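Remarks on the structure that follows.
The values are calculated or read from the model by the stated rules, or taken from the named source; none is laboratory data. This structure is a prediction, so every number in the text was calculated from the model and none was measured. Every residue, glycine as well, gets a Cβ built from its backbone with ideal geometry; the counts of neighbours run over all protein chains shown.
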Amino acid sequence: MALENADIDKIAILARLQVTPSETSDYANSISSILSLIDQMQQVSTEGVEPLSNPHDASQRLRKDEVTCDNQREAFIALAPAAQDGLYLVPKVLD
Amino acid sequence: MTYKTLVKISKDLAAGDYSSRELTQDVIADIKARDSIYNSFISVSEDLALRQADAADARISAGTADILTGVPFAHKDLFCTQDHTTTAASKMLEHFVPPYESTVGQRLLSAGAVCVGKTNMDEFAMGSSNESSYFGVVKNPWDLMAVPGGSSGGSAAAVAAGLVPAATGTDTGGSIRQPASFCNLTGIKPTYGRVSRFGIIAYASSLDQAGPMCQTAEDAALMLNAMAGFDEQDSTSVQLDTPDFTADLNLPLQGLKVGLPKEFFGPGLNPQVAECVMTAVKQIESLGAQIIDISLPNLELSIPAYYVIAPSEASSNLSRFDGVRYGFRCDQPQDLMDLYCRTRAEGFGTEVKRRIMVGTYALSEGYYDAYYVKAQRIRRLIKNDFARALAQVDVIMGPVAPTPAFDLGSNTKDPVAMYLEDIYTLSANMAGIPAMSAPAGFVGGRPVGLHIMGNYFNEAKLLNIAHQYQQITDWHLQTPATNPAKGA
């Protein structure tokens, strides 16, 4: 399936990626060729075949809902590109 | 220390021939002196390594050393190392210093192993040539015009160059086995769930698995002993006892049933690579194995299905890189959307962005069933193919890659051509079975690996076969300095 530049713009927004106009056609071309490769999947019938999401058909192991480690707020906040008073800083969201 | 195995270093340390501190200093000096040729390291952790070496020397003196105590190794830069940068070879994490250690790293540290640094790789482990790294391409020590393979290309090059005796890798679609094959190493991708993924930066969580890249099968077994085991912190870690992977190394191969899938020897396979692999298979037959023709009919579908599942899981996993909590952040964001979009556009490289977009598309409304669910159904067909084959044979053998290491730059313009290189490795990740590469010869001076795949949790059998093969061959003992292509 061939993608148009407009499709790339839409996917880029969903993926939260800025794509410049000069990059758009390159992505449209390369992703279209990847999608042609992917479309080979349609050659085989998978009717009645259950999807496999974990190689062992295992489901997520759950643990007891209890505190298992200390609060590491300072260690984590120290990694932030912008923080103040123990809070993450982002551009203003509400006027 | 150049080209000493883990086993040899361990004996030397125990005998007091040198201390772990002396060895660690030598290794780091060697990396600083020679790695400009290969670019296999992103960073060296000298201070941490020397502290670990001193602690190891104390254990050796006190008589409480394990076999890996004091032995140097390198981590692929995808494993979080506490207090040392972990970049995933991305600008996004160029300055990221994790506040914790991966479970694998912690296990190796507890065994007393000394981490000397972090190796180069394809950005976020997405690639088959180590050409997508933000920190530059890695060169293959066997031929500086060739790629080392990917994504664990730095780990492979570092061991092949004799800079470190062993390194960790991760394998989502072949990223341990293909570089091991291209660089003449013994590398194993364990069964999915055998080794904890905790603290390893995620690419495609249902496929990712970590393993060792070493000079011999015996070394790989020792490393895997330290790395493997159930971990409560990884929800897909499998709750099974870990065997001693060295216990079966010396078992005879009499009666072993080896399956050769015809799909691994079809058009597209370099005839000289096929010859190396068949010679190796014949030698294993001479040790008492029985060779049986088998079929894995859905092998070709592993490429399209993988290139849906892996990018889909990647698009989800990499959504965490938002410029807010850690990692790179763009300058002067206008608003929150601009912060996200520009941070990710500037922080990720082209291949990573391409896979995120493919995954985003495959998971988007209206396409989810046609792409993601369809790929998961094909994944089950592939698993069923292996189940049928492994009911008939003990292990499956074939090539690791269709060609020896290709030239740097030869596949970078065409992502699909690069993806097709993964034809023989992807299916083991899709099924979750263990698989390894062991040195099996050379084509034009570039190494060729023998691919050995086995049943779930049967890593010991694969290592046994590789070890027995290494008792009657010396491919694994060849080093780039003795490369036949150089006439040395």
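Please give the number of the condition residue B:321 fails out of (1) on the phi < 0 side of the Ramachandran plot; (2) without any contact (Cβ under 8 Å) to a residue 24 or more places away in the chain.
For residue B:321, the exception is condition (2).
Would you be able to say whether some residue in the range A:59-70 is closer than 30 Å to residue B:432 by Cα, in a loop (DSSP other than H, G, I, E, B), within 10 Å of chain B (Cβ to nearest Cβ) and among the small types (Gly, Ala, Ser)?
Among the residues of the range A:59-70, at least one is closer than 30 Å to residue B:432 by Cα, in a loop (DSSP other than H, G, I, E, B), within 10 Å of chain B (Cβ to nearest Cβ) and among the small types (Gly, Ala, Ser), which makes the answer yes.
Hey, can you tell me all the residues within the range B:56-94 that are within 15 Å of residue B:124 (Cα to Cα) and of a type outside the set (A, V, I, L, M, F, W, C)? Break it down stepwise before answering.
Looking only at the range B:56-94, we keep the residues that are within 15 Å of residue B:124 (Cα to Cα), and these are B:75-80, B:85-94.
Within the range B:56-94, B:75, B:76, B:77, B:85, B:86, B:87, B:90, B:91, B:94 meet the criteria.
So residue B:346 fits all but one of (1) in contact (Cβ under 8 Å) with a residue 60 or more places away in the chain; (2) farther than 22 Å from residue B:204 by Cβ; (3) among the charged types (D, E, K, R); (4) at the interface with chain A (Cβ under 7 Å from one of its Cβ atoms); what number is the exception?
The one condition residue B:346 does not meet is (4).
Looking at the range B:205-219, I want the residues that are under 16 Å from residue B:162 (Cα atoms) and have a partner that is modelled with pLDDT under 95 and of a type in the set (Ser, Thr, Tyr) with Cβ atoms under 8 Å, at least 6 apart or on another chain. Which pairs are those?
Hits for this filter: B:215/B:3.
How many of the residues making up the range B:334-348 are in a helix (DSSP H, G or I) and surrounded by 19 or more Cβ atoms within 10 Å (Cβ to Cβ)?
Number satisfying all stated conditions: 7.
Considering B:36, B:43, which residue is outside any helix (DSSP H, G or I), over 15 Å from residue B:164 (Cβ atoms) and under 26 Å from the mean Cα position of the chain (by Cα)? Walk me through it before giving the result.
Values: B:43 fails: over 15 Å from residue B:164 (Cβ atoms).
On inspection, the qualifying residue turns out to be B:36.
If a residue must be part of a helix (DSSP H, G or I) and either modelled with pLDDT under 95 or more than 7 Å from chain A (Cβ to nearest Cβ) (or both), how many such residues does the range B:349-359 contain?
Of the residues in the range B:349-359, 5 are part of a helix (DSSP H, G or I) and either modelled with pLDDT under 95 or more than 7 Å from chain A (Cβ to nearest Cβ) (or both).
Hey, can you tell me all the residues within the range A:71-95 that are surrounded by fewer than 11 Cβ atoms within 10 Å (Cβ to Cβ) and either within 10 Å of another protein chain (Cβ to nearest Cβ) or of a type outside the set (S, T, N, Q) (or both)?
Passing the criteria: A:73, A:74, A:85, A:86, A:87, A:92, A:93, A:94, A:95.
Out of everything in the range B:299-333 that is in a loop (DSSP other than H, G, I, E, B) and within 7 Å of chain A (Cβ to nearest Cβ), what residue ends up being nearest to residue B:97 (Cα to Cα)?
Across the range B:299-333, the extreme among qualifying residues is B:326.
Which members of the range A:72-95 meet the condition of being assigned to a loop (DSSP other than H, G, I, E, B) and charged (D, E, K, R)?
A:85, A:92, A:95
Would you please name the residue that is nearest to residue B:323 (Cα to Cα), looking only at residues in the range A:1-58 that are within 7 Å of chain B (Cβ to nearest Cβ) and hydroxyl-bearing (Ser, Thr, Tyr)?
Checking each candidate, the answer is A:27.
Which one of these is more than 14 Å from every other protein chain (Cβ to nearest Cβ), aromatic (Phe, Trp, Tyr) and more than 27 Å from residue B:298 (Cβ to Cβ): B:245, B:230? Walk me through it before giving the result.
Numbers: B:230 fails: more than 14 Å from every other protein chain (Cβ to nearest Cβ).
Going through B:245, B:230 in turn, just one is more than 14 Å from every other protein chain (Cβ to nearest Cβ), aromatic (Phe, Trp, Tyr) and more than 27 Å from residue B:298 (Cβ to Cβ): B:245.
Hey, among B:249, B:269, B:224, B:253, which residue is in a loop (DSSP other than H, G, I, E, B) and in contact with a strand residue (DSSP E or B) (Cβ under 7 Å, 6 or more places away or on another chain)?
B:269
Take residue B:263 and tell me if it is away from chain A (no Cβ under 11 Å), among the charged types (D, E, K, R) and surrounded by 15 or more Cβ atoms within 10 Å (Cβ to Cβ).
So residue B:263 passes the test.
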